[in-house]
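Peer 1: Provided herewith is a single structure, encoded as structure tokens, for subsequent inquiry.
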Amino acid sequence: MKTTLLGRTGIDVSVAGLGCGGHSRLGMARGNSGNQASRIVDCALELGINFIDTARAYGTETAVGNAVLGKRDRVVISTKSFAGRAGELLSGADVVASLEKSLTRLQTDYIDIFNLHGVSKEQYPHCVTEILPALLKQQELGKIRFLGITEAFGRDPSHQMLKMALPDDHFDVVMVGFNLLNPSARHSVFPLTIEKDVATQIMFAVRRALSQPAALAEVVNKLIDDGELEETVMDRRNPLGFLEQHPGTRSVVEAAYRFCRHEPGATVVLTGTGSESHLKENIESILAEPLPPEIMTELESLFGQVDSVSGN
Ligand SMILES: NC(=O)c1ccc[n+]([C@@H]2O[C@H](COP(=O)([O-])OP(=O)(O)OC[C@H]3O[C@@H](n4cnc5c(N)ncnc54)[C@H](OP(=O)(O)O)[C@@H]3O)[C@@H](O)[C@H]2O)c1
């Protein structure tokens, strides 16, 4: 495993992180038990991952807590609380109550990175005035080491919330959607995180569109129909066929993780899976060389200006 610094937190982390949410939720989304989910976490730790991202909302904190018991000091845990629920904003006390529940489920007395989860541009001012002061108190108490914020990439594919939050510089870590179909964070997010030494967790490296051909065709067809991609240069049925045919790449999924890993400004690339074989494969991809330059050029000419889809 390769490691890197988690920005200005100074924590040494694996460049690959285990994502315990997304469509897989460590396999629990398709019926795997908590024990099977813990086994995926064990497997990740055995393969050298030390960064784990979970959240109250995922239902995977207990599985993570069981897996890291006795190894807590070797693992960096990121978890989250929403800032609002059912249209109502949460108070600082509500978020602290959520933190306490996370501590219990994770069987720990501190969280390394405590994030506000899927924050919208509209919620962000409330996060700063109402929730942040309460979390800073918890940080003083030692229950939180560093604060983070995550965007809702599916609804905010052009990073409106992070563009607003980053200049304020309240958070040491941000989670940002970035993939080869929508690399817009390259222009709107990474220049700011690099300047402020804020670490990034990369989500949506693969998601549905880059792991399921039908979902990819749907996204690309939408981009063509919306006039964001030129039909003349795109094969509607197999839009990324050139990645599979190139001798320097193994598959679309492999290329997608490699694409993220080598982006300047990307700190930890999350991989979300309920499959040990996918996990092993994805770690190999994240550790592989940068994509060949001609592929990067082709991807840039096709998708370089896209900021309207997430690949969800
Ligand atoms: N706003 C937020 O805070 C937010 C939102 C979304 C996600 N996240 C975090 O970001 C993490 C990463 O996002 P993600 O889980 O969507 O991750 P991802 O790595 O982009 O995509 C994971 C999806 O791809 C599939 N997959 C993975 N490896 C594969 C392979 N080798 N071949 C074929 N399919 C493969 C997985 O299914 P299998 O189980 O079958 O492998 C899963 O459905 C999440 O787990 C979560 O921790 C945060």
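Peer 1: Residue check, residue 247 against (1) closer than 29 Å to residue 174 by Cβ; (2) open to solvent by 20 Å² or more (accessible area, probe 1.4 Å), all met but one. Which one?
Peer 2: (1)
Peer 1: What's the number of the condition residue 213 fails, among (1) within 12 Å of the ligand (Cβ to nearest atom); (2) open to solvent by less than 30 Å² (accessible area, probe 1.4 Å)?
Peer 2: (2)
Peer 1: Please work out if residue 240 is open to solvent by less than 10 Å² (accessible area, probe 1.4 Å), within 16 Å of the ligand (Cβ to nearest atom) and closer than 30 Å to residue 155 by Cβ.
Peer 2: yes
Peer 1: Just need a number here: residues in region 253-282 that are in a helix (DSSP H, G or I), open to solvent by 20 Å² or more (accessible area, probe 1.4 Å) and within 11 Å of the ligand (Cβ to nearest atom).
Peer 2: 6
Peer 1: In addition: Tell me which residues, restricted to region 187-210, are buried (at least 16 other Cβ atoms within 10 Å of the Cβ) and at positive phi.
Peer 2: 204, 207
Peer 1: Output the residues belonging to region 12-27 that are buried (at least 20 other Cβ atoms within 10 Å of the Cβ) and either of a type in the set (Lys, Arg) or more than 16 Å from the ligand (Cβ to nearest atom) (or both).
Peer 2: Hit for region 12-27 is 25, nothing else.
Peer 1: Further, regarding this structure: Look through 69, 45 and report the one residue that is farther than 15 Å from residue 276 by Cα, of a type outside the set (Ser, Thr, Tyr) and without any contact (Cβ under 8 Å) to a residue 60 or more places away in the chain.
Peer 2: Matching residue, one of 69, 45: 69.
Peer 1: Count, please, the residues in region 51-99 that happen to be basic (Lys, Arg), open to solvent by 50 Å² or more (accessible area, probe 1.4 Å) and in a strand (DSSP E or B).
Peer 2: 1
Peer 1: Residues that are small (Gly, Ala, Ser) and touching a Gly at 6+ places or on another chain (Cβ under 8 Å): does region 191-211 have at least one?
Peer 2: Within region 191-211, one or more residues are small (Gly, Ala, Ser) and touching a Gly at 6+ places or on another chain (Cβ under 8 Å).
Peer 1: Oh, and also: So, of the residues in region 28-50 that are of a type in the set (Gly, Ala, Ser) and in a loop (DSSP other than H, G, I, E, B), which turns out to be farthest from the ligand (Cβ to nearest atom)?
Peer 2: The qualifying residue farthest from the ligand (Cβ to nearest atom) is 48.
Peer 1: Got at least one residue in region 157-171 being open to solvent by 40 Å² or more (accessible area, probe 1.4 Å), of a type in the set (D, E, K, R) and part of a helix (DSSP H, G or I)?
Peer 2: Within region 157-171, one or more residues are open to solvent by 40 Å² or more (accessible area, probe 1.4 Å), of a type in the set (D, E, K, R) and part of a helix (DSSP H, G or I).
The values are calculated or read from the model by the stated rules, or taken from the named source; none is laboratory data. Everything numeric here is computed off the predicted structure, so don't read it as measured data. We place every Cβ from the backbone using ideal geometry, glycine too, and count neighbours over all the protein chains shown. The protein model used for the area step is the full one, side chains on, heavy atoms only, and it has no ligands, DNA or RNA in it. Shrake-Rupley method; radii C 1.70, N 1.55, O 1.52, S 1.80 Å.
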